[in-house]
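Chemist: Please see the structure below; I have some questions.
The values are calculated or read from the model by the stated rules, or taken from the named source; none is laboratory data. The structure presented is a predicted model; accordingly, all values stated were derived computationally and were not measured. As a convention, Cβ positions derive from the backbone with ideal geometry for all residues, glycine included, and neighbour counts pool all protein chains shown.
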Amino acid sequence: MAEMSSAPPVRRIRKDAQHNRAHILDVARQAFVNEGVDVSMDAIAKEAGVGPGTLYRNFPRKEDLLAALLTVHHQALDQRRAAIEAEENHAGRALEMWIDALGDWMRAYDGLPEPLRAACRINSPLTQTCRAVIVTTEIILKSAQEEGHAREGISGRDIFLGALAIAWANGSTAADDRTSNTLLDVLKNGWGIAENTSPAPISSL
């Protein structure tokens, strides 16, 4: 008599593995929200109720965890891009709105700007995500340049890194309520071209 297929146990193991992965991601998401990206992998494993081996088998590095979690945030960022393109016809204002969206994405978790910065200079699980965002930024910037709202000679990578620097600064202890808007103005002075305005009338003496 032929042996019965072992397929059902295999499927059950696969489902268990998927459940473990989803559970770890849920716990890690909450840990990053509560404590920032500096929370240790061991603390995440303990909170998830799994052994370190299970955690590292699914996510060898913390950057792997972040990359998996940022998939959802990246989808939300892409939805904002689509909304900006649908609602804003002025390419310069669209770029401003995109930079604001970048800032929100980069501040999804406290301390996130640092691993994003590292991913721009060394290969990491976050590198591909950063490259995709830079490509989108380049497209939006190019439209602003073609319409005369942004300077030539700057790149989407420049804008990305500028927004990343602002996101990092906003997380520092020296930041206050004015920091974000002030630095965004500084960044705009770097990429923007002043709109033509009529000279102010000269008052009679």
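Chemist: Taking the options Ala83, Ala76, Ala108, Ala67, name whichever one is hydrophobic (A, V, I, L, M, F, W, C) and modelled with pLDDT of 95 or more.
Modeler: Ala83
Chemist: Does Arg80 satisfy being among the basic types (Lys, Arg), closer than 14 Å to Leu164 by Cβ and surrounded by fewer than 20 Cβ atoms within 10 Å (Cβ to Cβ)?
Modeler: In short, no.
Chemist: Cβ contacts < 7 Å: first residue closer than 24 Å to Arg121 by Cα and outside any helix (DSSP H, G or I), restricted to the range 143-168; second residue modelled with pLDDT of 95 or more and of a type in the set (Phe, Trp, Tyr), any location; separation 6+ or different chain. Result?
Modeler: Sorted first by the residue in the range 143-168, then by its partner, the list stays empty.
Chemist: Mind checking which residues of the range 101-123 are of a type in the set (Phe, Trp, Tyr) and within 15 Å of Ile166 (Cβ to Cβ)?
Modeler: Trp105
Chemist: Which residues, taken from the range 44-53, are in contact with a helix residue (DSSP H, G or I) (Cβ under 7 Å, 6 or more places away or on another chain) and either surrounded by fewer than 17 Cβ atoms within 10 Å (Cβ to Cβ) or assigned by TED's automatic domain parsing to the domain that holds Glu114 (or both)? Quick ask: steps written out before the conclusion?
Modeler: Start the filter on the range 44-53 by keeping residues that are in contact with a helix residue (DSSP H, G or I) (Cβ under 7 Å, 6 or more places away or on another chain), which leaves 44-45, 47-48, 50-52.
Within the range 44-53, Glu47, Gly51, Pro52 meet the criteria.
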